[in-house]
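Asks: Quick one: the structure is below, questions incoming.
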Amino acid sequence: MKVKFDVTGMTCAACSAHVENAVKKVKGVDSVAVSLLTNSMVVEFNESATNTKAIITAVKKSGYGAEVAGQNTNSDAVAKDDDALKDNETPKLLVRFIVSLVFLLLLMYISMGNMLWGWRLPNFMEQNHLSIGLVELLLSAIIMIINQKFFVNGFKSLWRRAPNMDALVALGATAAFVYSTVALFLMADAYIVKGDHMGAMAYMDEFYFESAGTILTLITLGKMLEAKSKGRTTDALRGLMNLAPKTAVVIREGEEVTVPIEQVRKGDFYVVRPGESIPVDGVVIEGNSAVDESTLTGESIPVDKAAGDTVSAGTLNQSGFIRCEALRVGEDTTLSQIIKMVSDASATKAPIAKIADKVSGIFVPTVIGIALVTFIVWLCVGNTVGYALARAISVLVISCPCALGLATPVAVMVGNGKGAKNGILFKTAASLEETGKANYVVLDKTGTITEGQPQVTDIVVKGKITENELLALAYALECKSEHPLARAVIKKAEEIGVAAEEVTDFEALPGNGLTAKLDGKAICGGNFEFISQQATIPDDIKQNAENLAELGKTPLFFAYGGEFCGIIAVADVIKADSPKAIKQLQDMGLRVIMLTGDNERTAQAIAQIAGVDEVIAGVLPDGKTRVVEDLKKSGKVVMVGDGINDAPALTSADIGIAIGAGTDVAIDAADVVLMKNSLLDVPAAIRLSRRALLNIRENLFWAFIYNTLGIPLAAGVFIPIFGWQLNPMFGAAAMSLSSFCVVMNALRLNLLNVYKPTQHRKSKANSGDEQDTNQENTEQNKEATMKYLLKIEGMMCGHCTGRVEKALASTRGVLSVSVRLEDKSATVEVKDKVKPEALKKAVEAQGYVVTEVTLL
C-alpha cells in the first residue's frame, strides 16, 4: 500500500533525512521518499505489518509532525492541496527580516560606525565604553528573540541527537553571543572593580555581538529568498489547481441553480455559457461550442464540441451554450488526476538524489565536528580564543545542507510543471530522470505513428463516372456493412455530403465482398478476384491497384450493372507530424524502431514514409515484450504505445510512454503519459528530461563544490597559504545565498521550449557494434523456435488478414505472425512444441481454408 503524508517542522535536508530514517525503521515499511520542497512524504508499506498510525507516531517521535494527505474529497481536497502549496512563509520571513534589519543597523552603527568611520555616538556611550557593550548586548538579544525559531528548532534537534541546519545557526550565533557576553563581564570587572579603563577597552575587540546579529539577519534573508523562489517552483501546480471552478450551474427541478462544485454528483445535468469554465467532466447533451483545452493538453487550437462529445473540467467554453451530463466529479475528473499525478511525482525522489541524501544524513554532525576541530587547532597554534572562535563560527554558518537537499526536488518540481503545461505527465521523479537516458525509441505503428483509423486515401475511376458518383455507389453498398473498411468509405461520403441511396437484396460474401441491387441493377464491391468475376478490370487499373498495395493501402474494387466503375483505396494513414517527430528523435542520437503486428508489406510502406531506422513486423503483444527485452541488453529502451494493447511492452521497457491518453491519464502501464495524440510530444518529453537531468547535475555540483570549498575557507585552511580569512558575517551571507542560487537555477527550466529541436550526442544504439550484438541476440532467440508458411484461401482485405492474424496469435505457443494478402499466406513463428495442425484449426475456425502448411 502506498500512502502520501503531509510533514511539518522540516527546515532543511537534514530534517528530511531524519524523518526518512525514522520511518524506514518502522516494521513493514518497504520504501520512503520525503520531499523537503512540498513538505510531504510517500510511504509504501505492508498493511498486515504496520499502519498509518505507526508511521505518524515514528515521525512525531523524531520531532516532526505528520498526517495523511488528501483525506478530504472533491474540491475540499484541491483546496487543501492549494493551501499546502500556498507561500505562507515568505510574508512571515519578510517581517522578521525587516525588523531584524532595523535593529542590526543600529547595532552596526554602534559597534563599527564610530570605530571605523568616526560616526558620533550619544555622550553616555562616548564617555563609557561599558555602555557600548551593554547596548550591543541588548540589541543582539532582541535580534535573537525575533529569530528565536532558529534556537528552538536547533536545540531541539540537538537534544534529539538529530541536528539540522537550524542547529548550525543556533550554535554559531550562541557561541558568538556567549563569548561576547563573557568578554563584557570581564570588561565590567576591569572597568568597575579594578578601575583599569585602558584594560577594559581592550575587551572591545572581543565583542562579536554584531556577528551574532548579522548571522541571524542574513540567514533570515536567505530563508526568505529561498521560500520565495521555492514558491515559484510550484506555480505550475497551483495554476492547475486554480483551474478548478468553485461553482457549477446545474439543473434542479427544471431550474438553473448555482451550487458549490462539491455538490455536483455523477448524472447531474449542468449548463455552461460562453466564457465560463467547465466544472466537471461530462458529455454534451445539447448545443455546439468550441472548447479551449490548452490548460490540459497544451494544444492551443480550440476543439469543436457537439452532442455526444466529452468535455473536461477546467477547460474553457469559448463560443456556444452547451448542456452536459456529469460523468466524473471530484477527484475522478481529468484535472484532479493530473494535479494528483504532478503532485505525487514531485513527492518522489530521483535516483540521482541518493548521493545527496546520504551526505545530508551525516552533514550537520560532521560540520559540528569540523568546527570543534577548527577551534581546537587554532588554539593549539597559539591564537586567541576569540580568533579560534571566529573560525569555528564561520565553519558553522557557511555550511549549507539545504542546497544539497533542494538540488533535486526543485528541478523535479519545475520539470514536472513544465511538462504538465504541455500535456506531458511524468508519473515519478525517476521517470523524469530516466526518459532522457534512452538509446532506443520503439514505436507501435497503429495509433502511434498512424492515425489508428482507416481512411479513404485514393479514388480511381474508370470511364465516364466521376469520383463523387463512384463514392455514392460505394456509400449505398457499404452502409449495410459492419466492416472497418466500410466505415472509412461511409465517413468519406458523409464528409463531402453524398446522399445514400437505398439498396435491396444486400448480401455479404465472406472472403469476397458485398453485393446488392440498386435501381434493379447489381452493385458489387470487394477484392480483385471477386470483382473480376463480375466485370472486366483493365490492365492499367490492375497496375494501379498493385501500386496502391505496395504503399500499404487496401484497394476496394466496385462494379455496377456488370461494368467496372473504379477503385477506392483505404489505409490507416500516417499522422502528419510523425516523420518530423521521428527525424527529431534521430537527430537527438536515438535509434527509432517501428514495432507492429501488421504484415511486412504494410509495415515497410509506412516505415518508408515515416523514416524509421528499423521495422519489426508481424509481432504479437508477447513478441513485442520479447523484442523490448532483447533491446534492453544493448541500452535503455523507451516504448511508445496507446497504453492498452501495448501494456506488456510498456511495462517491460525502461520507460513506457502512453500517447494520446486524452482524458484517460491514469494509465497504469505507462511511466509517462502524453495527453495529446501527437508524436512530437515524445522528443519533447525526452528533451525536457535531458534538460532537467542537466539542471539537477548543475545544482548538485554547485551544492557540493560550495561546501567543499567553503568549509575549508571558513576553517582558515588557506590562511597560511594565501592569507584568505573569512569573517563569520560573510560566511552567513554565503550560506543565505547558496540555496537561493540552487532554486533560481532550477527555475531556468521554465524558459525551455520543449518543442525546439536540438542536436544531441549520438547514442550508442547507432553504433555498428551494438547493432551486431542485437542481431546476435535475435539469432540466439530464434534457435529455439520454428517457422511455418501457411497458404490460405478466402482472404480478400485487411480485415480478413486481421482476423487470421488474431486467430493465429491467440494459439498457445505462437510467438509472431505475419499475414500477407497479396499471396494469401501467413508466416508463423512458434515454439518447437507447437504442431501445424493447431495452426490450421485456428484459421479454419474463422471461415478460411488452409491449403498448404510448409516448415521453413
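Asks: Name the trypsin sites (Lys or Arg not before Pro) in the range 426-497 that are in a loop by DSSP and that have at most 10 other C-beta atoms within 10 Å, would you? Mind dumping the intermediate values first?
Replies: Values: sites: LYS427, LYS437, LYS445, LYS462, LYS464, LYS480, ARG487, LYS491, LYS492; in loops: LYS427, LYS437, LYS462, LYS464, LYS480.
Those satisfying the criteria are LYS464.
Asks: Related question: Considering Cα pairs under 8 angstrom that are at least six residues apart, work out the relative contact order of the chain and quote it in whole percent.
Replies: Details: 1706 pairs, mean separation 101.6, N = 856.
Once normalised by length, the contact order is 12 percent.
Asks: Also, quick follow-up: How many percent of the accessible area of the range 789-856 is carbon or sulfur, using a 1.4 Å probe?
Replies: Working: 1770 of 3400 Å².
Percent of accessible area from carbon and sulfur atoms in the range 789-856: 52.
Asks: Another question, then. Can you pull the percent of the range 343-444's accessible area that's carbon plus sulfur, 1.4 Å probe, other chains left in place?
Replies: Values: 2060 of 2850 Å².
Answer for the range 343-444 is 72 percent, counting heavy atoms of protein chains only.
Asks: In whole angstrom, note down how far apart the Cα centers of the range 334-407 and the range 786-856 are.
Replies: Centre-to-centre distance over Cα atoms comes out at 65 Å.
Asks: Please compute the length gained on full extension between GLU550 and ILE98, using 0.36 nm multiplied by the number of residues separating them and subtracting their Cα-Cα distance.
Replies: Length gained, GLU550 through ILE98: 155.1 nm.
Asks: Modelling each spin label as a point 7 Å along the Cα-to-Cβ direction, I'd like the ASP304/ILE362 distance in nm, to one decimal.
Replies: My value for the distance between the label points is 6.7 nm.
Asks: Okay, next question. Distance in nm between label sites at GLU67 and GLN604, each 7 Å beyond Cα in the beta-carbon direction?
Replies: 6.6 nm
Asks: Another question, if that's okay. Pull out a ≥ b ≥ c, the square roots of the eigenvalues of the alpha-carbon gyration tensor of the range 313-416, then state rounded if a/c is under 1.5, prolate if not and a/b is larger than b/c, and oblate in the remaining case.
Replies: On the way: a/c = 6.17, a/b = 3.99, b/c = 1.55.
In terms of gyration-tensor shape, prolate.
Asks: For a quick check of understanding: with a 1.4 angstrom probe and all protein chains in place, what accessible area in square angstrom does PHE730 have, to the nearest ten?
Replies: 140 Å²
Asks: Mind ordering 381-388, 520-527 by average Cβ neighbours within 10 Å, highest first?
Replies: Values: 381-388: 14.2, 520-527: 19.4.
So the peptides 381-388, 520-527, ranked by packing, come out 520-527, 381-388.
Asks: Quick one: net charge of VAL271's neighbours, Cβ under 12 Å, K/R +1, D/E -1? Could the numbers behind the result be given before it?
Replies: Working: positive: ARG252, ARG273, ARG323; negative: GLU255, GLU256, ASP268, GLU276, GLU286, GLU325.
Surrounding charge for VAL271 is -3.
Asks: If packing is taken as the mean number of other Cβ atoms within 10 Å per residue, what is the order of 647-653, 268-274, highest first? Don't skip to the answer; put the middle values down first.
Replies: Values: 647-653: 22.9, 268-274: 17.9.
Listed from highest to lowest mean packing, they are 647-653, 268-274.
Asks: I'd like the carbon and sulfur percentage of the solvent accessible area for the range 508-616, probe radius 1.4 Å, heavy atoms only, ligands and nucleic acids excluded. It would help to have the intermediate numbers written out before the result.
Replies: Values: 2040 of 4260 Å².
Here carbon and sulfur together make up 48 percent of the probe-accessible area.
Asks: Calculated FRET efficiency, THR708 and LEU379, Cβ-Cβ r, R0 25 Å, to nearest 0.05? Spell out each step's value before the answer.
Replies: Details: r = 25 Å, r/R0 = 1.01.
It comes to 0.50.
Asks: Pop the C-beta distance of ARG120 and MET201 into the FRET formula with R0 = 30 Å and round what comes out to the nearest 0.05. Each step should come with its number before you reach the end.
Replies: On the way: r = 18 Å, r/R0 = 0.62.
For R0 = 30 Å, the calculated efficiency reads 0.95.
Asks: Next question, about the same structure. For ALA54 and ALA141 in the same chain, what is the full-extension length gain: residue separation times 0.36 nm, less their Cα-Cα distance, in nm?
Replies: 27.2 nm
Asks: How many angstrom lie between the Cα centre of the range 551-598 and the Cα centre of the range 274-310?
Replies: Comparing the Cα centres of the range 551-598 and the range 274-310, I get a distance of 31 Å.
Asks: Moving on to the next point. In Å², what does the accessible area per residue of the chain work out to with a 1.4 Å probe?
Replies: 44 Å²
Asks: Still on this structure, please answer the following. Can you figure out the FRET efficiency of ILE496 with GLU325, using R₀ = 51 Å and their beta-carbon distance, to the nearest 0.05?
Replies: Working: r = 32 Å, r/R0 = 0.63.
The computed FRET efficiency comes out at 0.95.
Asks: Okay, moving on. According to a simple spin-label model (label point 7 Å from Cα along Cα-to-Cβ), what is the distance in nm between LYS464 and THR536?
Replies: For THR536 paired with LYS464, the spin-label model returns 1.8 nm.
Asks: Classify the range 420-527 as rounded, prolate or oblate, taking a ≥ b ≥ c as the square roots of the eigenvalues of its Cα gyration tensor: rounded when a/c is under 1.5, otherwise prolate if a/b is larger than b/c and oblate if not.
Replies: On the way: a/c = 3.37, a/b = 2.97, b/c = 1.14.
Taking the square roots of the gyration eigenvalues as a ≥ b ≥ c, the range 420-527 is prolate.
The values are calculated or read from the model by the stated rules, or taken from the named source; none is laboratory data. In this text, all values refer to a predicted model and were calculated from it rather than measured experimentally. Positions of Cβ are backbone-derived with ideal geometry, glycine not excepted, and every protein chain shown enters the neighbour counts. Side chains are part of the model used for accessible areas, which takes the heavy atoms of the whole protein and leaves out ligands, DNA and RNA. Shrake-Rupley method; radii C 1.70, N 1.55, O 1.52, S 1.80 Å.
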